[in-house]
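Engineer: Would you mind keeping the following structure in view while I ask a few things?
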Amino acid sequence: MHPVLIGPLKTYGLALAISFVVGIWLAARRARRLEIPAEAIYDLSFVILVSSLVGVRLTYVVTHLSEFAGQWHRIFLINEGGLTLYGGIIAALLAGWVFCRRRGYSFLALADNMLPSVALGIGITRIGCFMAGCCYGKPCALPWSVHFPHDSPAVRHFGDVAVHPSQLYSSLGGFLVFGLLLLWERSSHRPGQTMGRFLLLYGIHRFVVDFTRYYEPSQQLALGWSNNQWLSLGLMALGLVIMLQLARRATSSESA
């Protein structure tokens, strides 16, 4: 575990920065086939960057209010950690929809263009989580379990025991979703297909991985599932609805 690389440079922050730079480059390159100027992708990427940062922090704060009681100024200290990925994805989708409405672009087409970059970014950023020691897993005795250093959050909570490398599960899942989206995109002909697949695939991946990840009791809801697992079910359902709607429209147009 190496939460700090050099001086004030933190591993997680570096991984996050790399994910944005690579993701924006990929999205701008892919936008050529849509005949969308690179400047529009850069503008949208800035909107996504700001909205996602607000979303990940706000979602964490709302679900951990007791941590900030009497110290509300700490809400703005994101360098202390405390970010929830789902909040960023939801905020970015909403901000992207507003952006497309104002600029006159197809939201579904741009979402299809951008979401593979999001999946790739998740794969990169979760490596930063592993290096920082956050988002750690539950104790296990599997051959690939990991021991974190004595000063890590996992050891402070569980003691010196092996735990699931849940961060790496998440990273692998992000890379896998990225690859599948690009592979299936070759046979996609309707705007929104990649978006539906992303929501479904990432929802399934996150739902499964979260069984290995530690959450505070306050973050566990009905059936002992985490709040993120319940959100995953919502994303899965939304992805299925989008895909079914697109399939019905295709069937209707073919029979017309």
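Engineer: For the chain, what is the relative contact order in percent, using Cα pairs closer than 8 Å and at least 6 residues apart in sequence?
Structural biologist: Once normalised by length, the contact order is 19 percent.
Engineer: Among Leu231, Ser188, Ser152, whose Cα lies farthest out toward the positive end of the dipole of region 101-256, if unit charges sit on the beta carbon of Lys, Arg (+1) and Asp, Glu (-1)?
Structural biologist: Result: Ser188.
Engineer: Now for a different question. Tell me, what is the FRET efficiency for Glu67 and Ser252 to the nearest 0.05, using R0 = 41 angstrom and their Cβ-Cβ distance as r?
Structural biologist: With a Förster radius of 41 Å, E is 0.20.
Engineer: Further question on the same structure: Charges only on Cβ, +1 for Lys and Arg, -1 for Asp and Glu: so what's the dipole of the chain about the Cα centre, in debye to the nearest 20?
Structural biologist: Using Cβ point charges on Lys, Arg, Asp and Glu, the chain gives about 600 debye.
Engineer: How do the peptides 93-104, 206-217 rank, highest first, by the average count of neighbouring beta carbon atoms within 10 Å per residue?
Structural biologist: Order by mean packing, descending: 206-217, 93-104.
Engineer: Suppose each label sits 7 Å from its Cα in the direction of the beta carbon; what would the Ser106-Val47 distance come out to in nanometres?
Structural biologist: That separation, rounded to one decimal, is 1.7 nm.
Engineer: Roughly how many nanometres apart are two label points built 7 Å out from the Cα toward the Cβ at Leu14 and Val208?
Structural biologist: Simple spin-label model gives 3.1 nm for this pair.
Engineer: Kindly rank 111-121, 128-138, 28-38, 230-240 from highest to lowest mean number of other beta carbons found within 10 Å of each residue.
Structural biologist: 111-121, 128-138, 230-240, 28-38
Engineer: Turning to a different aspect of this structure: Between Cys140 and Ser188, with labels modelled 7 Å along Cα→Cβ, what's the label distance in nm to one decimal, could you check?
Structural biologist: Placing both labels 7 Å along Cα→Cβ, they lie 2.9 nm apart.
Computed from the coordinates by the stated procedures, all read-outs in this text should not be read as laboratory data. These numbers were taken from a predicted model, which means no experiment stands behind them. Note: ideal-geometry Cβ built from the backbone for every residue, glycine included; neighbour counts use all protein chains shown.
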